[in-house]
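As structure tokens, the structure follows; a few thoughts come after it.
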Amino acid sequence: MKVIHVKMLREDKVPTSEEQLVRAAREGDRTAFSALVKRLEPRVAATVIGMLGDTPEAEDVGQETFIRFYKALDSYRGESSVSTYVTRIAINLSLNELKRRKRRFSLFSNTADDDIELVVDEKTGGPHFEDGEMIQSALSKLSPGYRAVIVLRLLDGLTTEETARMLNIPIGTVLSRLARAQKKMRDILKPYFGEKS
Amino acid sequence: MNRELLDLLYRSFDADLTEEERQRLDEALATSEALQTEKERITSIREVLSKNATDSFKPLFTERVMRALETAEETDVSTDVFFESLYRFFRPVALAAAAAAILLVSMNLWDSDDITLAAALGMQEDSIEVMFETPLEAILEEPL
């Protein structure tokens with residue numbers, strides 16, 4: 001039978017860096033793992049909510065990200081930073097969730113996944129929306145591949161190289177997706193800019 | 001608007017342009033109002049995106065994660081217990097079955113002249129000659 005060891009660190013040995021927290025968590029220190037969750041929540045939230053919107057599924061995917069991370073603690077070798085490692089789990093789980101969503105709604109919608117050509121309705125283009133909501137709404141209309149590069153590059157602040165590594169695609173693809181996604185977002189937000197200017 | 005310049009503008013946000021490309025873009029920006037507007041719009045979209053990134057889930061997220069982790073571990077433990085019980089229960093049965101199988105194979109090989117798989121499994125076929133040469137009495141006298 002698997003026994004769960006819970007070891008508490010002494011006050012004078014509180015780990016500070018993410019790597020130290022990982023080492024402590026690997027030894028069964030729940031407090032250290034809890035500290036890691038607190039520390040990594042902003043990055044995971046930005047990734048998952050950016051990809052899925054502020055929905056209940058986003059919270060589930062966020063939790064699942066940390067559970068997967070905990071189970072993979074032993075296999076984490078430190079080749080990439082802890083936050084990069086966790087972001088990779090978060091983006092993969094988010095993409096899986098979007099695939100599930102697509103399957104779920106494919107019977108009711110005939111929108112092709114790669115088609116980011118979308119018509120702006122009066123509601124999303126209206127001036128009563130706050131900037132953030134408008135942009136989030138435009139973001140949600142991009143297909144998963146395009147959304148992922150925008151989220152990693154602009155919301156998480158990764159470099160194009162890091163984004164490429166994270167998604168396992170060439171840098172050229174990241175650049176072209178970024179350009180197309182931004183152009184599409186600008187097209188979606190045309191009425192909004194028109195109202196403002 | 002020139003398509004090439006537009007592509008250059010979009011690329012300039014995320015990639016390092018060559019000296020020549022940078023110069024061409026700067027010149028175009030200095031003369032084209034449409035390109036300037038495009039740059040402002042993209043800049044503002046990028047700013048709003050990074051400024052409005054949601055950086056937290058609902059309150060007490062960490063506590064919910066830790067609870068979910070405990071539940072996941074309890075499930076793992078109960079799964080382990082289930083498979084361990086299954087293993088414990090079937091182990092003696094499996095040992096007895098293996099012993100019986102070895103005994104059966106040994107008996108089959110003892111009765112047979114060949115050492116083949118068919119003989120070991122007791123599936124050796126008699127040839128037609130053997131079937132006809134065997135006296136009826138011998139067959140009838142064989143214990144059932």
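Could you check, for region A:111-126, whether at least one of its residues is at pLDDT 70 or above and over 30 Å from A:Ser34 (Cβ atoms)? Working first, answer last.
First, pick out the residues of region A:111-126 that are at pLDDT 70 or above: none.
No: zero hits.
The number of residues in region A:36-56 being of a type in the set (Ser, Thr, Tyr) and in contact (Cβ under 8 Å) with a residue 24 or more places away in the chain comes to 1.
Set side by side, the residues A:Leu154, A:Leu139, A:Leu175 differ, and just one is facing chain B (nearest Cβ under 9 Å) and touching a residue at least 24 places away in the same chain (Cβ under 8 Å), which is A:Leu139.
Here A:Glu59 clears all of (1) among the acidic types (Asp, Glu); (2) free of Cβ contacts under 8 Å to residues at least 12 places away in the same chain; (3) over 26 Å from A:Gly28 (Cα atoms) except the condition numbered (3). Yes or no: region B:49-58 includes at least one residue that is charged (D, E, K, R) and more than 30 Å from A:Arg43 (Cβ to Cβ). No, region B:49-58 contains no residue that is charged (D, E, K, R) and more than 30 Å from A:Arg43 (Cβ to Cβ).
Out of all the residues in region A:45-72, which are within 7 Å of chain B (Cβ to nearest Cβ) and farther than 16 Å from B:Leu49 by Cβ?
A:Glu59, A:Gly62, A:Gln63, A:Phe66, A:Ile67, A:Tyr70
Among the residues of region B:24-76, the ones that are more than 7 Å from chain A (Cβ to nearest Cβ), over 26 Å from B:Arg11 (Cα atoms) and of a type outside the set (Asp, Glu) come to 5 in all. Among the residues of region B:102-115, are any within 14 Å of chain A (Cβ to nearest Cβ) and either acidic (Asp, Glu) or at negative phi (or both)? Checking region B:102-115: not a single residue is within 14 Å of chain A (Cβ to nearest Cβ) and either acidic (Asp, Glu) or at negative phi (or both).
The values are calculated or read from the model by the stated rules, or taken from the named source; none is laboratory data. Just so it is clear, the structure is predicted and the values come from calculations on it, not from any experiment. Here the Cβ is made from the backbone with ideal geometry for all residues, glycine too, and neighbour counts use every protein chain on show.
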